[in-house]
1. Can you tell me which residue among A:Leu16, A:Leu92 is within 13 Å of the chain's Cα centre (by Cα), modelled with pLDDT of 95 or more, away from DNA strand D (no atom under 16 Å from the Cβ) and under 22 Å from B:Met136 (Cα atoms)?
2. What is the number of the single condition among (1) more than 26 Å from A:His106 (Cα to Cα); (2) in contact with a helix residue (DSSP H, G or I) (Cβ under 6 Å, 6 or more places away or on another chain) that A:Lys48 does not meet?
3. For residues in the stretch A:1-55 being touching a residue at least 24 places away in the same chain (Cβ under 8 Å) and within 14 Å of chain B (Cβ to nearest Cβ), which is nearest to DNA strand C (Cβ to nearest atom)?
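The values are calculated or read from the model by the stated rules, or taken from the named source; none is laboratory data. This is a predicted model, so every value here is computed, not measured. Backbone-built Cβ (ideal geometry, glycine too); neighbour counts: all protein chains shown.
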Number of protein chains: 2
Amino acid sequence: MPKMQLTQSKITDAALSIAEQQSYEAVTMANIARALSIKPPSLYNHFKNLDEIKQEMALIAQQKLYEALKDKNTLLSLAKKYVDFSISYPGLYTASLRGGTGKTGHAIVQLFANTPVLAGLVEKEKIHAIRGFRSMLHGFIDLQYHEGFKMNVNLEESLVRMVGIFERGLSG
Amino acid sequence: MPKMQLTQSKITDAALSIAEQQSYEAVTMANIARALSIKPPSLYNHFKNLDEIKQEMALIAQQKLYEALKDKNTLLSLAKKYVDFSISYPGLYTASLRGGTGKTGHAIVQLFANTPVLAGLVEKEKIHAIRGFRSMLHGFIDLQYHEGFKMNVNLEESLVRMVGIFERGLSG
DNA sequence: AATAGTAAACTAATACTATTAGTTTTACAA
DNA sequence: TTGTAAAACTAATAGTATTAGTTTACTATT
């Protein structure tokens, strides 16, 4: 009954907390409402629907991913941190995928673009290279995710090798 | 009321049809039951739950993927067919991911392993290379999927370049 | 052929999911 | 102080998977 001044930011904060501590699948209207001690319909006074909440979550999750990556400047260090983020915060990583490539998305792409092996390429080739590298990273993460993180032991070695092959393919 | 001799195979066939013609998300107990003109609870006489149905779907979908790939013997032709399959039958491709790496999964891996650029590598390196290549393919597909197949025009070119980079990184 | 047993369907109910309509309450501003 | 608007609510709908318990239909045996 009290008005508790609910805001969009409080809602997305709650939603991100759930994604981070439980899972992305646990981000439901009921769970968000419970975390805020309100009833689900109240959320519709601030967001059109669950999808809009997830859209907003994606933007913030992308910013957190950017923050984690921003001081890295080689393909390997970016790749390692990228994978590390997706393992440490799977819910946040999943959330980050549900948003298009906005401002933050471009900023992340720029981190890859400014890497030694990529910086020298002509624009067109650079775009394809970045697309390929990100595909590789995301695919690596997603396949691990689907297979339940089985062979964790070789995970880092596989990543290092993959990045090595890609770098050699670019510079050679 | 008639008994209509429902079998596991008829159920998975119906489920795969739904995945193929509608979407993987449309694979629900209600939809499967409707396709078979029965009520949802009847499905539980043949499968423990929806997850087991999806498990079985995964095996069959992997077989269909293998069939589509089996006559290809270069990384590029495999990659093109792989992406083609995922675009032509997104529901089937999604289904194929929900199963671990069983017999068919290994058969698919062998197709990559027998490729000219990979066949010569020592076993350990080969494993990492295959893992990397499949990650790249899957990531490429999944990112397109999440971004809604925006830039379809450059899709093929990006793929060709990616494969080129990877091949050069291996042989160089 | 009658009957027992089993397999496979059913109905009804539970507990979730998102969402909408309509109502009440709270807070703030005139 | 009172009116208005924002923000909460309750109640309901339609969808999801699943379970319990019941009935139907077929099959095999006596």
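1. Numbers: A:Leu16 fails: under 22 Å from B:Met136 (Cα atoms).
After ruling out the rest, the residue left standing is A:Leu92.
2. Exception for A:Lys48: condition (2).
3. A:Lys54
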